[in-house]
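A quick write-up on the structure given underneath.
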Amino acid sequence: MLHRGQESTDGTGGGALTVPVAWFYAEYIADELLRTGDLMPPTSFEFRAGRDALALTVFLSDTDGELSGIRVVSQLETWLSLTAYDQPWQDWVRERMAQLAGAAIASGSPAPDLDLAAKAWRWLQETELLAPDLDAVPGGGPVVAEEDGPKVWTPAWRLGLPLGHLAIHLF
């Protein structure tokens, strides 16, 4: 994808192709973590929610702008703390996205990684999945099988985040 301002002035069209490598790498890491955990089929919406939530966590936690394959194992604790139940993950995502968007505007350079991250975040917020009611009060009724228990429509990130967190633990 060629971006304005990257074209050659001599008419040869020497524009550069900008590839969102950081986002693709974050998705790859998230995908591998979820597949290793074997928590759900890779073709399910739940898997996509977990992958997108983890990919956002991986991508946005990279403050140096370099996702390094060597550092993946050393980052697991950071990702665990960011995805923990008691953390305001969605607020952190909004803040980091705003910071990166501001930096991209200030630099005037294209940000294809950020564009893909924004699409993933939008999908996670706008898509609702029918999931077990994790806030249901235990002991409020007879014990039923998990698939027969109470279900609620919930934003995809609220389901994907704990799945991603569990996948990190299982890794």
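The values are calculated or read from the model by the stated rules, or taken from the named source; none is laboratory data. These numbers were taken from a predicted model, which means no experiment stands behind them. Methodologically, a virtual Cβ is constructed for each residue, glycine included, from the backbone with ideal geometry; neighbour enumeration extends over all protein chains shown. The accessibility values were calculated without ligands, DNA or RNA, using every heavy atom of the protein model including side chains. Shrake-Rupley method; radii C 1.70, N 1.55, O 1.52, S 1.80 Å.
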* Asked: Under 9 Å by Cβ, and 6 or more places apart or on different chains, what pairs join a residue from the stretch 68-81 that is at pLDDT 85 or above and of a type in the set (Ser, Thr, Tyr) with one that is surrounded by 14 or more Cβ atoms within 10 Å (Cβ to Cβ) and assigned to a helix (DSSP H, G or I)?
  -> Thr78/Thr57; Thr78/Ser61
* Structure fact -> Scanning the stretch 109-124 for residues that are modelled with pLDDT under 95 and of a type outside the set (A, V, I, L, M, F, W, C) gives Ser109, Pro110, Pro112, Asp113, Asp115
* Asked: If you check every pair at least six apart or on different chains, which have Cβ atoms under 7 Å apart with a residue in the stretch 26-48 that is farther than 16 Å from Trp79 by Cβ and open to solvent by 70 Å² or more (accessible area, probe 1.4 Å) first and a residue that is in a helix (DSSP H, G or I) and hydrophobic (A, V, I, L, M, F, W, C) second?
  -> Pro41/Phe47
* To do: Within the stretch 22-34, identify whether any single residue is hydroxyl-bearing (Ser, Thr, Tyr), at pLDDT 90 or above and assigned to a helix (DSSP H, G or I), and answer yes or no.
  => yes
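For the structure I just gave you, tell me whether Leu60 is surrounded by 20 or more Cβ atoms within 10 Å (Cβ to Cβ), modelled with pLDDT under 85 and farther than 19 Å from Leu170 by Cβ.
For Leu60, the condition - surrounded by 20 or more Cβ atoms within 10 Å (Cβ to Cβ), modelled with pLDDT under 85 and farther than 19 Å from Leu170 by Cβ - is not met.
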* Asked: Yes or no: Ala167 surrounded by 15 or more Cβ atoms within 10 Å (Cβ to Cβ), assigned to a helix (DSSP H, G or I) and either out of contact with any helix residue (DSSP H, G or I) (no Cβ under 8 Å at 6 or more places or on another chain) or at pLDDT 90 or above (or both)?
  -> yes
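Can you name the residue in the stretch 125-153 that is assigned to a strand (DSSP E or B) and at pLDDT 90 or above and is also most open to solvent (accessible area, probe 1.4 Å) among such residues?
Going through the qualifying residues, I end up with Trp153.
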* Selection count, the stretch 81-124, where residues are touching a Ser or Thr at 6+ places or on another chain (Cβ under 8 Å) and surrounded by fewer than 13 Cβ atoms within 10 Å (Cβ to Cβ) -> 0
* Are any of the residues in the stretch 69-80 assigned to a loop (DSSP other than H, G, I, E, B), over 14 Å from the mean Cα position of the chain (by Cα), of a type in the set (D, E, K, R) and loosely packed, with under 14 Cβ neighbours inside 10 Å? -> no
